[in-house]
Amino acid sequence: MLLKEIARFSLQHRTLYCYLILSIWIFLLIAGMYKYIGSIENGNNLLNAKGFGYRKTERFLAEEGDSTDRIRIKEINQTDCTHPFAIVTGEEGGSLEGWTLQGVLLLIRHGDRGPMAHVRGINEVDCGYENDPTLARYINFLQNTTTGSTSGGHWMKTGPFHGFPLLPAASKLCLLAQLTHKGIAQMLHVGDIVRQAYANALGLYTRVPISTQRTTPFNGSDFISNPTSSFQYVVDDVVIYSTRYRRTFQSAMALLFGVLPPEKWLAMQIQESHSLSYCFSDCACPQAEKLKKQLASEMNGHLSKHPAIGAIVQWIGAALLQNPQAAGQQINPLEIRDALLAHICHAAPLPCRKIHSNVPSADSYRYGSKTGSSSTQDPLGLDVINIDLDEATLSGGGAGPPINTEQPDDSDTTQQEPEIEGCVEKSHVLALMSYIHWAGMKELYSQSMRQQGLLRSYGLMRNIVAYMLRMISGDRVKFVLYSGHDKTLEYLIASLGVQLENPFIPYASRMVFEVYKSDKDTQYYFRLVYNGRDVTNTIDVCESGKSLNVPRGIRGGRAHLCPIENIIRFIHDDYFLSLNATNYKDACMAQTKQDGFF
């Protein structure tokens, strides 16, 4: 009887037994997974101990150290990083007392980007940017707008930029040479400044009654209209240029989104510049290449006189770069600066790792230039051409050793060289940045750089002056945008002789040519504003009493205005005087006095 009752009880609770056994099995499975994950973490710690990973150290911006270091750290953070919240309206005009704005020509450097070289541990750096309403509104607009111009966040209009993404491929990653979300935010803030300063004065928001549309070569049609409205925007008053790179295209479109109404923004057509210097039809110039090599030689000479700085460059380069130069070859200091800014500007810790000692000889300090293929693959498979790195050779420019494609030294466990464990320290960074700033100032204001700037920017200067003449003659073009690189602005600054305190062009920099007409007569003047500062009276053709000093009206302060005939005379008559030539062709074919010097 008892056995029968036990058997009946067992049959009735069979389901309960199944659930119990299944629960025990799941518990054991989860416990095994946690044990497996723990072994992976231990393996990662082992890799870090061998120098394959990063060990976090103090943040570069941490408030510690003596007051001098803190001040210098703050300067680097402010001048080289260009945080979006720090981009504010400066001395941009638009409404000067007694003057009418005729047009604006705006040159920009693209926004914040990932490093140009492969940097160790870069995936651990957060290059995202959050809590910015302007950025959130732009992203929301792109994600929810599908027209003939945009679809799925891509630019779909016919032309050289068809299919280009309007946003970076990843919101958090610092992809190789790609714009970051912080870079997009920077350009949106610059666009807001441009809109406040110039949009009303130029009539960029003006709408006219619907009339017969006529096709133009630039923006598809003269007008863009809302089907539900009886008015339409004029679109051929805006001309846009960009080099054919995602970072410059995305920067231009983000800036314009802050300047123009959405309907007009969707109607824009972007023209391509085939050169980062915007040389247009004046590009081939052997003399410019010779001057580039001469500058590299001069910078090499400076570095060879500072072996301590060379040693710091080698140390940081071995810690940061995946493919540092081979033994006995000096790493380019500007390549290290670019990699460091990816950490500094995104508040990331400075890296630590083990490396094999590699002390170069005293006579080996040479800027290593990257040659060979200029195209690399980023983590998402996006093809990137290192245009900034290639053209500047990080200010080296000369022919150098090929890219080191070997594995990093520490990956070869058979080597018998001694290992050194250490971290990139603030003192290293401050010393290197101070040297680079000093060397950059010597380069920017050297005779070689001035001459190279004149040759490289001649085509751009001709284009700017041509648009100035169109603006003062009543042409419909009121706003011209050139979206370029650091060298785009650097060459132009050198050719004009503009005096700056920082030899480097920060991300999201802006240079504005404002064209004015006097309300009293038919005299035309222009004004140059760089990153919100009026630098008109520092230009060679406008200094020493050649410019006017006029009140800025209700905005307060005063502004400098230079006769437009000065820059016209400069480009036509005086441009090549320092090159002992009268035209571009002769200047580019000029031979040096020392045959074979280069």
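The values are calculated or read from the model by the stated rules, or taken from the named source; none is laboratory data. In this text the structure is predicted, and so the values were computed from the model without any measurement. Counting neighbours? That spans all protein chains shown, and the Cβs are built from the backbone with ideal geometry, glycine included. Heads up: the accessible areas ignore ligands, DNA and RNA and are worked out on the full protein's heavy atoms, side chains in. Shrake-Rupley method; radii C 1.70, N 1.55, O 1.52, S 1.80 Å.
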Seminar exercise, completed: Residue pairs qualifying under the 6 Å Cβ cut-off, at least six apart or on distinct chains, with the first in region 543-561 being without any contact (Cβ under 8 Å) to a residue 40 or more places away in the chain and the second being basic (Lys, Arg) and open to solvent by 70 Å² or more (accessible area, probe 1.4 Å), are Asn549/Arg558
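Kindly check whether there is at least one residue in region 472-482 that is outside any helix (DSSP H, G or I) and of a type in the set (Lys, Arg).
Yes, region 472-482 contains at least one residue that is outside any helix (DSSP H, G or I) and of a type in the set (Lys, Arg).
Would you list the helices (runs of 4 or more DSSP H) that sit entirely within region 249-351 and hold 2 or more residues that are over 23 Å from the mean Cα position of the chain (by Cα)? Step through it out loud before you land on a result.
Values: elements: 262-266, 286-304, 307-320, 333-344.
The qualifying helices (runs of 4 or more DSSP H) are 262-266, 286-304, 307-320.
Conditions (1) modelled with pLDDT under 80; (2) within 30 Å of Lys520 (Cβ to Cβ); (3) part of a loop (DSSP other than H, G, I, E, B), marked per residue:
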site: Lys35; (1), (2), (3): yes, no, no
site: Gly51; (1), (2), (3): yes, no, yes
site: Arg55; (1), (2), (3): yes, no, yes
site: Gln78; (1), (2), (3): no, no, no
site: Glu92; (1), (2), (3): no, yes, yes
site: Val104; (1), (2), (3): no, yes, no
Problem set entry | Check on Val190, assigned to a helix (DSSP H, G or I), open to solvent by less than 60 Å² (accessible area, probe 1.4 Å) and among the hydrophobic types (A, V, I, L, M, F, W, C) | yes
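Can you name every residue in region 200-232 that is modelled with pLDDT of 75 or more and either open to solvent by less than 30 Å² (accessible area, probe 1.4 Å) or assigned to a loop (DSSP other than H, G, I, E, B) (or both)?
The first filter runs over region 200-232 and keeps only residues modelled with pLDDT of 75 or more, leaving 200-210, 230-232.
The answer is Leu202, Gly203, Leu204, Tyr205, Thr206, Ile210, Ser230, Gln232.
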For this session: Could you tell me whether any residue of region 472-482 is surrounded by 22 or more Cβ atoms within 10 Å (Cβ to Cβ), hydroxyl-bearing (Ser, Thr, Tyr) and either closer than 23 Å to Gln269 by Cβ or over 22 Å from the mean Cα position of the chain (by Cα) (or both)?
Result: yes
For this session: Please find, within region 509-523, the residue that is surrounded by the most Cβ atoms within 10 Å (Cβ to Cβ) out of those that are more than 30 Å from the chain's Cα centre (by Cα) and not in a strand (DSSP E or B).
Result: Gln523
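Of everything in region 238-248 that's under 30 Å from Tyr575 (Cβ atoms) and open to solvent by less than 10 Å² (accessible area, probe 1.4 Å), which residue is nearest to the chain's Cα centre (by Cα)? Please lay out each step first, then the result.
First, the residues of region 238-248 that are under 30 Å from Tyr575 (Cβ atoms): 238-245, 248.
Adding the requirement that they be open to solvent by less than 10 Å² (accessible area, probe 1.4 Å) leaves 238-240, 242-243, 248.
Working: Val238: 23, Val239: 21, Ile240: 18, Ser242: 13, Thr243: 12, Thr248: 8 Å.
Within region 238-248, the match that is nearest to the chain's Cα centre (by Cα) is Thr248.
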Exercise. Is region 136-146 home to any residue that is in contact with a strand residue (DSSP E or B) (Cβ under 7 Å, 6 or more places away or on another chain) and over 30 Å from Pro324 (Cβ atoms)?
Worked result: yes
